[in-house]
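Colleague: If you scroll down you'll find the structure; I have some questions about it.
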Number of protein chains: 2
Amino acid sequence: MSRPQKRATVHDIAAAAGVSRGTVSRVLNGGYVSAEARAAIEAAILEVGYVPNNAARTLKMRRSQAVGFVALEPHSLFLDDPNIGSIMLGANAALSLADHQMVSLVVESQRDTERVARYLSGGFVDGAIVVSARTRDPIIKVIADLGLPAAFVGHPPELSDNIPFVGIDNVGSAQAITARLAASGRRRIGMIAAALDRDSGIDRLTGFKTALGTGYDPALVADVPHYDYGSGAKGMRLLLEREPSIDGVFAASDAIAAGALETLREAGRSVPGDVGVVGFDDSTWAVRCQPQLSTVHQPAKELGSYAAQLVLRQLRGETLEPGGQMLPTPIVWRDSA
Amino acid sequence: MSRPQKRATVHDIAAAAGVSRGTVSRVLNGGYVSAEARAAIEAAILEVGYVPNNAARTLKMRRSQAVGFVALEPHSLFLDDPNIGSIMLGANAALSLADHQMVSLVVESQRDTERVARYLSGGFVDGAIVVSARTRDPIIKVIADLGLPAAFVGHPPELSDNIPFVGIDNVGSAQAITARLAASGRRRIGMIAAALDRDSGIDRLTGFKTALGTGYDPALVADVPHYDYGSGAKGMRLLLEREPSIDGVFAASDAIAAGALETLREAGRSVPGDVGVVGFDDSTWAVRCQPQLSTVHQPAKELGSYAAQLVLRQLRGETLEPGGQMLPTPIVWRDSA
């Protein structure tokens, strides 16, 4: 296998030709530019060795018509996260409509990292969707170095400024559901906060603090490692010990909320009578709990579909603005608060 | 894309050369055979156009070093089945150790079926692991027609007699846990039977009947469509209506058992005091239930790993005996019965 090589980009052409990226894009997409600019751009294309992404028909033999779906942290995604299946099916449906094959790649070990990096740079895929990206992940670096058309699901790491992403507003969503819980008349509201080593965890805690304002009490935050049931059961025990009169809980995920409900049941507290509990995700947990959860709806299928669209648009030669798109996260109010 | 072509097999060479398959295998693997047999086999190899699978080094440019992981029925696998993640990670770990890239392919629509069939026959993968295969699935036909090295997880459909599989003994496992439940002193034992349109569902019901023998009462079988929580809650309501004195339940999956527990709680029946409940899978549901489930352990990770080994052995040129391997399914006895 060859080592990853940096693929020339529209930016390189623009720099070499001394024109804007928009002008380069117009040439690549068959639009109108001055004869002078066109000549400069065509010379620059040869100079930098640019392979146009939008020349799909002429390059058919060099295109795999496949897009990688790269799951980093697969252990937690596939065993704990009830959303990954929906994200995958959403991405697959969008790619399928465009006649692209989604190939899902699991990165669990150092060995996987190296092999997947070779695979991505070996021409087997035309683009990649990356879920659960972390800062300084070698896979992200390979994608960036190659200039492979890509998109992230979720907040991207710093390295990837020029790769678009689709996600949700964790701060705003957490703030909204906490405010709704407070508006239901709860006085002592705590949070079971998880995964404070990553953006989603930090952002949900920030939203919680913002909603409570001066009423925020750091003693009422239980810090647990994972978004899972066991962490929820444990976090709720901590909160009950610290504040027996607690009457509201924002759980950072539905699985955490489910664990918290179990602890509350064991402690003889009724939900929502004694304690109102709200979750986050609107996953299968939300409707399996007793009582069913009031929660934030995370549009998992749409996230996958949107990420696939971001990759397909790049494959069609569009130059996307860097940055992210946030999808709406309506609050679903059921019986737990 | 070319239409699928039948790849010549060791069997074809043996037939053309007039020797046994074992003799052909010895030649292909560099073992000793008579000069006469070797000459006949080498001529036959040319005649049938055989591409040796074990000549990996010389054929490196024609090998992708990738193995497809084909999930049929992805909606139920990825959204309802808590085992698919473990099966995937088990397969990936085994393939990774052998420096093969696992590429997971989702088949949800007719469009997917056609595109995945083209992908499998286009040289993008050297082999395939198929989960949740159904009789007459076009993907299975493509794999069989191509002679692509493959393995099934779970009982294979009829079409695939010459493709090896790895699974569990659903009849024996269901019989064992039902017998254990009966031995705990239960007198009126029912079953929530799911998915009676496929082997696993039918086999679990057969095991249940066998265990109860003359004590089997068909009125105490609730037939529900899916292995999920909602089906379990509904199936338990049916059983309670038909036989209020029911004191034991075998649920065809842990998710079903979890739903049954909820119905029993609503009906004011204690578990295991009034009713003993056992499940099947030993999935994450089993330890999240209250009380935790007595159940059959399904070795999901090992199933994935074993299927990967079956494909890798074929890629190394081994001729596998057709048929299946059953992995052990110990009973895990917890608190629900």
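Colleague: Can you compute the helix-only [θ] at 222 nm over the protein assembly as shown? Use -39500 (n - 2.57) per DSSP H run of at least 4 residues, normalise by all residues, nearest 500 deg cm²/dmol. Walk me through the numbers on the way to the answer.
Modeller: Details: 26 runs with 296 residues, N = 674.
Computed mean residue ellipticity for the protein assembly as shown: -13500 deg cm²/dmol.
Colleague: Projecting each Cα onto the charge dipole of region B:129-231 (Lys/Arg +1, Asp/Glu -1 at the beta carbon, about the Cα centre), which of B:Gly167, B:Val153, B:Leu181 comes out farthest on the positive side?
Modeller: Going by the charge dipole, the pick is B:Leu181.
Colleague: Let me check against my output: what whole-number percent is the relative contact order of region A:170-296, with C-alpha pairs under 8 Å and at least 6 apart?
Modeller: Across region A:170-296, relative contact order equals 25 percent.
Colleague: Sequence-distant or interchain residues sharing an amide H contact under 5 Å with A:Val103, placed H: which?
Modeller: A:Val67, A:Gly68, A:Phe69
Colleague: Using a label position 7 Å from Cα in the Cα→Cβ direction, what is the ascending list of nm distances from B:Lys141 to the same site in the other copies?
Modeller: 4.9
Colleague: Excluding same-chain pairs closer than 8 in sequence, count the lysine pairs in the protein assembly as shown whose Cα atoms lie under 28 Å apart.
Modeller: So the count works out to 18.
Colleague: Take chain A, connect every pair of alpha-carbon atoms lying under 10 Å apart with a spring to form a Gaussian network, then pick out the residue of A:Gln325, A:Gln290, A:Gln298 with the largest mean-square fluctuation.
Modeller: Top of the fluctuation ranking is A:Gln290.
Colleague: If you find the alpha carbon centre of region A:175-250 and of region B:128-198, how far apart are they in angstrom?
Modeller: Region A:175-250 and region B:128-198 have Cα centres spaced 44 Å from each other.
Colleague: When B:Lys141, A:Lys234 are ordered from fewest to most other Cβ atoms inside 10 Å of their Cβ, what list results?
Modeller: Numbers: B:Lys141 14, A:Lys234 17.
Fewest to most other Cβ atoms nearby, the residues stand as B:Lys141, A:Lys234.
Colleague: Okay, next question. Mind listing which trypsin sites (Lys or Arg not before Pro) in region A:172-221 are in a DSSP loop and have 14 or fewer other Cβ atoms within 10 Å? Mind dumping the intermediate values first?
Modeller: Working: sites: A:Arg180, A:Arg186, A:Arg187, A:Arg188, A:Arg198, A:Arg204, A:Lys209; in loops: A:Arg186, A:Arg187, A:Arg188, A:Arg198.
Loop-located and lightly packed - A:Arg187.
Colleague: Further question: Suppose every Lys and Arg Cβ carries +1 and every Asp and Glu Cβ carries -1, with no other charges. What dipole size does chain B come out with about its Cα centre, to the nearest 20 debye?
Modeller: Numbers: 33 positive and 36 negative charges, 125 e Å.
Once rounded to the nearest 20, the dipole reads 600 debye.
Colleague: Under the Karplus relation 6.51 cos²θ - 1.76 cosθ + 1.60, θ = phi - 60°, what is the ordered set of whole-Hz ³J(HN,Hα) values for region A:328-334, x standing for Gly and Pro?
Modeller: Per-residue couplings from phi come out as x, 10, x, 7, 10, 9, 10 Hz.
Colleague: Rounded to the nearest whole Å³, what is the per residue volume of the convex hull around the Cα atoms of chain B? Intermediate results must be reported in sequence, preceding the final value.
Modeller: Working: hull volume 47.5 nm³, N = 337.
Convex hull volume per residue, Cα atoms: 141 Å³.
Colleague: Less than 11 Å Cβ to Cβ from B:Arg288, Lys/Arg counted +1 and Asp/Glu -1: what total charge do the surrounding residues give? Mind dumping the intermediate values first?
Modeller: Working: positive: A:Arg288; negative: A:Asp228, A:Glu262, B:Asp254.
Value of the local net charge: -2.
Colleague: How do B:Thr23, A:Thr9 line up, fewest other C-beta atoms within 10 Å first?
Modeller: Working: B:Thr23 21, A:Thr9 17.
So the ranking, lowest neighbour count to highest, is A:Thr9, B:Thr23.
Colleague: Another question about this same structure. I want to check the label-to-label distance for A:Arg187 and B:Ile202. Put each point 7 Å from Cα in the C-beta direction and report it in nm to one decimal.
Modeller: The modelled label-to-label distance comes out at 6.4 nm.
Colleague: Under 1.5 on a/c is rounded, so check that first for region B:170-296, then, if it is not, pick prolate when a/b is larger than b/c and oblate when it is not; a ≥ b ≥ c are the square roots of the alpha carbon gyration tensor eigenvalues.
Modeller: On the way: a/c = 1.27, a/b = 1.11, b/c = 1.15.
Verdict is rounded for region B:170-296.
Colleague: Same structure again: Starting with the fewest neighbours, write out A:Ser96, A:Ser184, B:Ser231 ranked by other beta-carbon atoms found within 10 Å of each beta-carbon.
Modeller: On the way: A:Ser96 21, A:Ser184 15, B:Ser231 26.
By the 10 Å Cβ count, ascending, the order reads A:Ser184, A:Ser96, B:Ser231.
Colleague: Which one of B:Ala133, B:Ile45, B:Val311 is farthest out on the positive end of the charge dipole of chain B, using unit charges on Cβ (Lys, Arg +1; Asp, Glu -1) and the Cα centre as origin?
Modeller: Checked the options; the winner is B:Ile45.
Colleague: Under 8 Å for C-alpha pairs, at least 6 residues apart: give me the relative contact order for region A:181-254, rounded to a whole percent. Present the calculation step by step, with values, prior to reporting the outcome.
Modeller: Working: 96 pairs, mean separation 35.4, N = 74.
Taking the mean separation of contacting Cα pairs over the length of region A:181-254, I get 48 percent.
Colleague: Mind listing the label-point distances from A:Arg111 to the same position on all other copies, shortest first, one decimal in nm, points 7 Å along Cα→Cβ?
Modeller: Distances to the matching label points in the other copies: 3.8 nm.
Colleague: Explain nothing, just the number: dipole magnitude of the protein assembly as shown about its Cα centre with +1 on each Lys and Arg Cβ and -1 on each Asp and Glu Cβ, in debye rounded to the nearest 20. Don't skip to the answer; put the middle values down first.
Modeller: On the way: 66 positive and 72 negative charges, 222 e Å.
Rounded to the nearest 20 debye, it is 1060 debye.
Colleague: To one decimal in nm, how far is B:Ile331 from the same spot in the other copies, if labels go 7 Å from Cα toward Cβ? Please give the shortest first.
Modeller: 4.9
Colleague: Most mobile of B:Ala300, B:Ala93, B:Ala40 per a Gaussian network model of chain B (Cα springs, under 10 Å)?
Modeller: Looking only at B:Ala300, B:Ala93, B:Ala40, the biggest GNM fluctuation is shown by B:Ala40.
Colleague: Follow-up. Can you give the relative contact order of chain A as a percent, counting alpha carbon pairs under 8 Å and 6+ residues apart?
Modeller: Details: 682 pairs, mean separation 64.1, N = 337.
So the answer I get is 19 percent.
Colleague: Toward the positive end of the charge dipole of the protein assembly as shown, about the Cα centre and with charges on Cβ (Lys, Arg +1; Asp, Glu -1), which of B:Ser20, B:Ala93, B:Gln292 goes farthest?
Modeller: Farthest towards the positive end: B:Ser20.
Colleague: Using the Cα centre of region B:170-320 as the reference point, and only Cβ charges (+1 on K/R, -1 on D/E), how large is the resulting charge dipole? Debye, rounded to the nearest 20. List each step's numbers first, then the result.
Modeller: Details: 16 positive and 17 negative charges, 42 e Å.
Dipole magnitude for region B:170-320 comes out near 200 debye.
Colleague: Taking a quarter of the surface of the convex hull around the Cα atoms of the protein assembly as shown, what do you get in nm²? Walk me through the intermediate numbers first.
Modeller: On the way: hull surface 138.5 nm².
Averaged projected area of the protein assembly as shown's Cα convex hull equals 34.6 nm².
Taken together, the values in this text are just the output of simple stated rules run on the coordinates, not laboratory data. Predicted model only: the values in this text are computed from it and were never measured. Using ideal geometry, Cβ is built from the backbone for each residue, glycine included, and neighbour counts are taken over all protein chains shown.
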